[in-house]
Every structure is written in C-alpha cells, then in structure tokens.
Amino acid sequence: MSAAQLLRHSRKLRSLRNAVDFERSSLARYFSTGSGSSAIKENGVEKRIGGARFSQYKQPGKELETFKVSLGVNGSSASRRTLINRAPSAGTSLNGSLSCGRVASARSFSSSADLPPHQEIGMPSLSPTMTEGNIAKWLKKEGDKVSPGEVLCEVETDKATVEMESMEEGYLAKIVQGDGAKEIKVGEVICVTVEEEGDIEKFKDYKPSAADAPAAPSESKATPEPAEPKVEEKVPAKASEPKAPKAEESSRSGDRIFASPLARKLAEDNNVQLSSVKGTGPDGRILKADIEDYLASGAKGGKSESFAASGLDYTDIPNAQIRKVTANRLLASKQTIPHYYLTVDTRVDKLIKLRGELNPLQEASGGKKISINDLVIKAAALALRKVPQCNSSWMNDFIRQYNNVNINVAVQTEHGLFVPVVRDADKKGLGTIGEEVKQLAQRARDNSLKPQDYEGGTFTVSNLGGPFGIKQFSAIINPPQSAILAIGSAEKRVIPGSADGQYEFGSYMSVTMSCDHRVIDGAIGAEFLKAFKGYIENPTTMLL
C-alpha cells in the first residue's frame with residue numbers, strides 16, 4: 001500500500017495528504033549517492049528528507065527497500081514505512097548492481113519541547129549479503145559540527161571497512177553506538193544529528209524508541225514467546241533435545257512461518273526446522289542467510305557445550321564480520337554447488353624465461369616486476385575468452401554468460417580472506433595487471449578495500465603455490481561464479497629427452513580447476529584447461 005493510500009484511510013493524518021505528494025517526488029533523490037536533503041516550508045513548518053552518503057556502494061538493482069518517511073506539521077510527529085521497488089538505472093554494474101547507499105535514516109519532529117527536530121541515522125546495508133555491521137571508530141565526537149562530505153565514522157561491513165559521510169550540515173548530538181560496537185542490525189539507529197547547536201544538550205540521555213528498532217528482530221522474538229513455558233515443562237524429561245519442543249509448539253500454534261523459497265530449500269536439504277530459525281527479513285521473514293547462519297553456528301550439534309564439558313583448555317576467538325560471511329558463503333557453496341575437479345600439469349620453463357626477459361624492461365621503464373601469478377591471471381583471462389562457457393553463472397532458470405572477463409584474486413590477510421577483482425583482465429597488459437594486483441593486495445592487507453574493488457568478478461584464481469609451496473589443492477567455488485583455478489607450486493622433474501636413453505629437467509606446475517557441473521560440463525572444463533595450458537607453455541602467444 002502506498003503512502004498516499006495510508007493517509008487516505010487515516011483520519012488523523014488526512015491533513016498531511018498534500019505533504020505526501022511532495023515527499024513522493026523527492027524519494028528518488030533520497031536513495032541516490034549524490035542525493036542531498038530536500039526541504040520546503042508549508043504553513044510555516046519545514047519538512048525535510050535527508051540521510052547519509054556512502055562512497056561507491058553497489059547492491060542488486062531490484063530490491064525491496066524499507067525506509068521511514070517522517071513529516072513535521074505543526075510540531076506533530078508522523079511516520080510510515082513505505083516499500084519501494086527500485087529498478088536498475090544507467091549505473092548498473094556487471095551483476096546488476098547500482099551505485100547507491102541504502103540509508104536507514106529519518107527526519108523526526110516532536111511535539112515535546114524536550115525533543116527538537118532531529119535526524120536518526122541507522123546502520124546502512126552496504127553489500128547484498130550484509131545483515132549487520134560493526135562500528136570501527138567514530139571520527140566525529142558528540143557536539144561536533146558536521147558538513148556535507150565529512151566522514152562521521154568507519155563502518156565494518158561483511159566485506160570491508162567503509163567510511164560513512166554526512167550529507168547535511170548540522171551537529172552530531174548523540175552517538176548511540178560507540179567505537180567497537182558489534183553486530184548492529186541494518187536499520188538500527190547509530191547516531192542522531194540536529195540542526196541547531198543549542199539542541200545538543202537535549203539529547204544527552206536520548207535513547208531510540210522501540211518503534212525505531214529494526215522490524216525483523218521484534219517479529220522473530222514475538223513468535224517463540226508463547227512456547228517458552230511449555231519448553232520449561234519438557235526440559236526435565238527430554239533435556240538433550242531443547243530444540244524439538246519449540247518446533248512442535250510452533251507448528252501446533254498454527255502460526256504461518258514466512259520464508260523465501262531458497263531458504264526453504266536450503267532448510268529442507270539440511271533437515272532444519274524453520275521454526276527454530278530466527279528470521280531477519282521484513283516482518284521476520286526467514287532468508288537464505290538466516291539458514292546459513294544457523295548451520296554455521298553449530299546450533300544443531302551443540303559442539304561448544306560438549307567441548308566445554310570435556311574439560312579441555314581452550315580460547316574462544318570472536319569472529320569478525322568477514323570471517324562470518326566467508327564461512328556462510330563457503331558452506332553454501334559446498335552444499336548447493338555440485339563441484340567436480342580437473343587437474344593438469346603445465347611446463348613453465350618458457351614462462352619463467354619470458355618473465356626474466358620482461359622484468360628488466362619493466363624496471364627500466366619505472367614499472368614493478370611481473371610475477372608468475374600475473375602471467376597466470378593473464379593466461380586464465382585469455383582462456384576464458386576462448387571458452388566463454390566457463391565465464392558464467394547459474395541463475396536457476398538460465399545460465400548467465402558474461403562478456404566481461406573480471407578475475408578475482410584470493411588474498412589472505414590478518415583480517416581474513418579477500419578476493420579483490422582485476423576488471424577486463426583479458427584486455428590489459430601484464431604490467432597493468434601486475435600493478436593492479438599489488439595495489440589491491442595492499443588495500444586488502446590495510447583493510448581499506450572499497451566495494452568496487454571486490455564486486456563484479458566472474459572467475460577466481462587462488463595461488464598457494466608461490467607464497468606457500470603447496471604442490472596441489474582443490475579450491476571451493478566463489479558463488480555466483482561457476483569455477484575457480486587453484487595454482488600449485490612449480491617443481492623440477494626429470495623427463496625423457498628427445499633421444500632414447502636421454503633425460504632432461506623441466507619445471508612443472510600443477511593446476512586444479514573446480515567446476516560447477518550445472519554450468520560447465522566435463523568436456524568444457526577440459527577445453528578451458530587445454531587453452532590455459534597452451535598459453536602457459538607458450539607464453540609469447542599471450543602477447544599477440
């Protein structure tokens with residue numbers, strides 16, 4: 001139901017119908033990266049929509065957004081939740097995402113003299129998989145004046161640390177979630193800003209109202225409450241299975257459980273009772289990520305309790321957001337993608353020789369040295385151009401084959417595993433690829449990657465050979481991609497020579513390709529490795 005329909009059926013808000021007409025026209029600016037605040041005066045009362053801006057954020061183009069429209073008329077407060085179905089614009093990226101920030105903020109007006117006009121800024125969703133975030137640190141203090149474009153704080157998302165900028169001029173009245181705050185749900189209020197410096201003191205003891213809390217947690221908490229007394233009755237008789245009574249009581253209550261089709265399928269495949277999963281979607285809807293979180297937490301097995309009971313000496317290490325997301329994505333990948341593996345040995349003597357010839361030229365021109373991994377990335381990109389079926393994604397009803405060859409490169413850091421992307425690697429020279437990989441790897445180690453640095457990849461290369469000397473390994477596919485290439489170390493081998501009884505030495509590197517059998521048939525995967533091996537063993541062909 002639209003905002004206009006809500007107002008039409010509400011006697012109390014009938015006088016605000018004209019105000020909604022203006023707000024409807026300014027909503028599009030509210031959700032764009034370059035948007036500012038919109039303000040008009042009507043009957044001497046200012047009405048404004050504002051928010052915060054996040055640099056270079058991409059998310060799926062069509063997604064149901066929930067936000068709050070707050071109107072101030074004659075000192076009264078009114079708010080409604082409105083659903084907007086956003087379609088892709090000209091800013092749409094390879095995976096159908098567009099540059100914008102999903103900002104949970106609202107301009108609130110109060111009839112109380114103790115609560116002047118203010119803006120509540122909520123935790124934004126800065127990636128398609130983000131459901132909660134952490135506050136790394138605040139760069140502004142309470143009472144500080146803020147101007148458009150100034151950084152308020154650093155938000156640790158499920159992918160990287162992103163700077164959160166102010167969109168409007170004002171004063172930071174209250175920091176609700178301080179430095180190091182963890183697991184803040186998307187939409188939960190993190191700070192409050194005001195327009196007048198004199199209003200700051202009035203927010204000293206301010207606390208967000210229950211109505212401003214995210215809808216999903218409140219809905220999910222309300223569901224199991226009736227079952228709690230019955231659970232306590234059954235615990236003495238059946239203490240080893242605390243989850244089962246909740247599921248039974250939920251089914252007997254007749255309450256409908258809302259879950260996405262993908263979440264239901266994943267729950268069915270893993271024998272998970274939906275009634276025991278806490279939904280984080282709109283109105284408590286259970287999403288795929290909720291099932292993955294439930295499986296990753298080990299809720300079914302109670303392993304942490306059994307380890308504690310055994311008397312072992314251990315230390316519990318909190319999981320960072322990147323670790324949680326990596327765990328969930330890899331778990332989902334192995335459970336939902338039918339992996340198969342192809343391995344080939346490639347002779348790299350000519351590759352090593354070519355690298356030795358190119359690096360002096362690079363140094364003479366002021367460039368950085370080219371690594372074996374840079375040559376591998378180039379070879380993989382050119383092989384994908386020859387065999388485009390491997391540059392695809394499974395989309396259930398169809399297979400999406402990408403025209404861009406964007407190679408993700410796995411980088412291990414103290415913060416976790418990152419996979420920054422080299423875009424259009426098939427069209428770039430070795431020097432450019434080498435320079436980009438080094439810059440991206442450094443940003444990953446500094447935990448300063450931006451969304452555009454890791455989103456939009458179509459194929460992944462993981463190299464444990466050069467850095468760690470691993471001879472051969474099989475990698476897990478990085479969804480929604482359909483393949484990943486695992487590079488082992490090069491080793492000297494004795495091989496037969498050109499004449500009988502003669503032998504020579506050769507350097508060989510083992511390469512294993514993990515394929516999604518829904519997308520890549522065995523023969524297609526073999527064709528890709530044949531093309532890749534041809535480029536590695538005759539590297540001068542990459543320069544043509």
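Residues in segment 355-405 that are β-branched (Val, Ile, Thr), within 24 Å of LEU440 (Cβ to Cβ) and touching a residue at least 60 places away in the same chain (Cβ under 8 Å): 4 in all. Test PRO338 against the stated conditions and say whether it is exposed (fewer than 15 other Cβ atoms within 10 Å of the Cβ) and either closer than 20 Å to ILE477 by Cα or in contact (Cβ under 8 Å) with a residue 24 or more places away in the chain (or both). So PRO338 passes the test. Selection within segment 184-232: residues that are modelled with pLDDT under 85 and aliphatic (A, V, I, L, M). The member of this set that is most open to solvent (accessible area, probe 1.4 Å) is ALA210. Number of residues in segment 150-175 that are over 12 Å from SER127 (Cβ atoms), assigned to a strand (DSSP E or B) and of a type in the set (D, E, K, R) equals 4. Of the candidates VAL348, VAL325, the single residue that is at pLDDT 90 or above and surrounded by 17 or more Cβ atoms within 10 Å (Cβ to Cβ) is VAL348. Please work out if SER474 is at pLDDT 95 or above, among the small types (Gly, Ala, Ser) and surrounded by fewer than 22 Cβ atoms within 10 Å (Cβ to Cβ). Yes, satisfied. Taken over segment 459-471, residues that are of a type in the set (Lys, Arg) and crowded, with 18+ Cβ neighbours inside 10 Å amount to 0. When PHE505, PHE528 are checked against the criterion of being among the aromatic types (Phe, Trp, Tyr) and in contact with a helix residue (DSSP H, G or I) (Cβ under 7 Å, 6 or more places away or on another chain), PHE528 stands alone in meeting it.
Take the conditions (1) without any contact (Cβ under 8 Å) to a residue 40 or more places away in the chain; (2) open to solvent by less than 20 Å² (accessible area, probe 1.4 Å); GLU491 misses just one of them, which is (2). LEU485 meets each of the listed conditions (1) of a type outside the set (Lys, Arg); (2) in a loop (DSSP other than H, G, I, E, B); (3) under 20 Å from LYS386 (Cα atoms) apart from (2). Kindly indicate whether VAL421 is more than 18 Å from LEU351 (Cβ to Cβ), buried (at least 21 other Cβ atoms within 10 Å of the Cβ), in contact with a strand residue (DSSP E or B) (Cβ under 8 Å, 6 or more places away or on another chain) and at pLDDT 95 or above. Taking the combined requirement at face value, the residue satisfies it. With respect to ALA380, determine if the residue is touching a Phe, Trp or Tyr at 6+ places or on another chain (Cβ under 7 Å), among the small types (Gly, Ala, Ser), closer than 19 Å to SER127 by Cα and open to solvent by less than 20 Å² (accessible area, probe 1.4 Å). It is false that ALA380 is touching a Phe, Trp or Tyr at 6+ places or on another chain (Cβ under 7 Å), among the small types (Gly, Ala, Ser), closer than 19 Å to SER127 by Cα and open to solvent by less than 20 Å² (accessible area, probe 1.4 Å). Applying the condition of being hydroxyl-bearing (Ser, Thr, Tyr) and at pLDDT below 95 to segment 433-471 and asking which residue is nearest to the chain's Cα centre (by Cα) yields TYR454. Among the numbered conditions (1) open to solvent by 30 Å² or more (accessible area, probe 1.4 Å); (2) modelled with pLDDT of 95 or more; (3) more than 27 Å from PRO128 (Cβ to Cβ); (4) under 28 Å from the mean Cα position of the chain (by Cα), the only one that PRO388 does not meet is (3). Scanning segment 494-544 for residues that are open to solvent by 80 Å² or more (accessible area, probe 1.4 Å), of a type in the set (S, T, N, Q) and free of Cβ contacts under 8 Å to residues at least 12 places away in the same chain yields a total of 2.
The values are calculated or read from the model by the stated rules, or taken from the named source; none is laboratory data. Bear in mind the structure is a predicted one, so any value in this text is a computation, not a measurement. Glycine also receives a Cβ, built like all others from the backbone with ideal geometry; neighbour counts cover every protein chain displayed. Areas reflect the complete protein model, heavy atoms only, side chains present, ligands, DNA and RNA absent. Shrake-Rupley method; radii C 1.70, N 1.55, O 1.52, S 1.80 Å.
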